[in-house]
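Bear in mind that the values in this text are calculations on the coordinates, not laboratory data. Since this is a predicted model, take the numbers as computed values, not measurements.
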Amino acid sequence: MPRATNGPATKARRKRTLKTTKGYFGNKSRLYRYAKDARDRAEHYAFRDRRKKKGEFRQLWIVRINAACRLNGVAYSRFMAGLKKAGIEMDRKQLSELAIADEAAFTALVGQAKAALEA
């Protein structure tokens, strides 16, 4: 009796892997042995970087807020401390959008933060 190799499932698995690595350079898109490693590495980086992206955006927002704050004569850390003291709860994404889109409103926020720090 011939040995059972579960050929259809093996073929389907290999086909699925090669389909996901379509467009990769060289053997990584053609040979299952190398495609499997390339796919595993790509999935690992994708998983890691989906989480890393959140931190990178936060950094970007902080840089934007700091630049806008310094135009108004206050450092980022003092501005954030002033907002907290004044009881203004806005996240960094909103603050950076405000700094870009509406400079007058951001300047008003800076004024409130400075007043809260002096009080």
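Distances over 14 Å make up what percent of all Cα-Cα pairs in the range 77-119?
For the range 77-119, the fraction of Cα-Cα distances above 14 Å is 43 percent.
Dividing the convex hull volume of the Cα atoms of the chain by its residue count, what figure in Å³ per residue is obtained? Provide the component values of the computation, followed by the final result.
Numbers: hull volume 19.0 nm³, N = 119.
Measuring per residue, one finds 160 Å³ for the Cα hull of the chain.
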Check: So what's the back-of-envelope 222 nm ellipticity for the chain, counting only DSSP H runs of four-plus at -39500 (n - 2.57) apiece and dividing by all residues, rounded to 500?
Finding: -26000 deg cm²/dmol
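For the range 4-70, what is the convex hull volume of the alpha-carbon atoms per residue, in Å³? Could the numbers behind the result be given before it?
Details: hull volume 6.9 nm³, N = 67.
Given the Cα convex hull of the range 4-70, per-residue volume reads 102 Å³.
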Note to self: Running a GNM on the chain with Cα contacts under 10 Å, which residue among R14, R48, R58 ends up with the highest mean-square fluctuation?
What the structure shows: R14
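Normalised by the number of residues in the chain, what is the relative contact order in percent for Cα pairs under 8 Å and 6+ residues apart? Walk me through the intermediate numbers first.
Values: 81 pairs, mean separation 21.8, N = 119.
18 percent.
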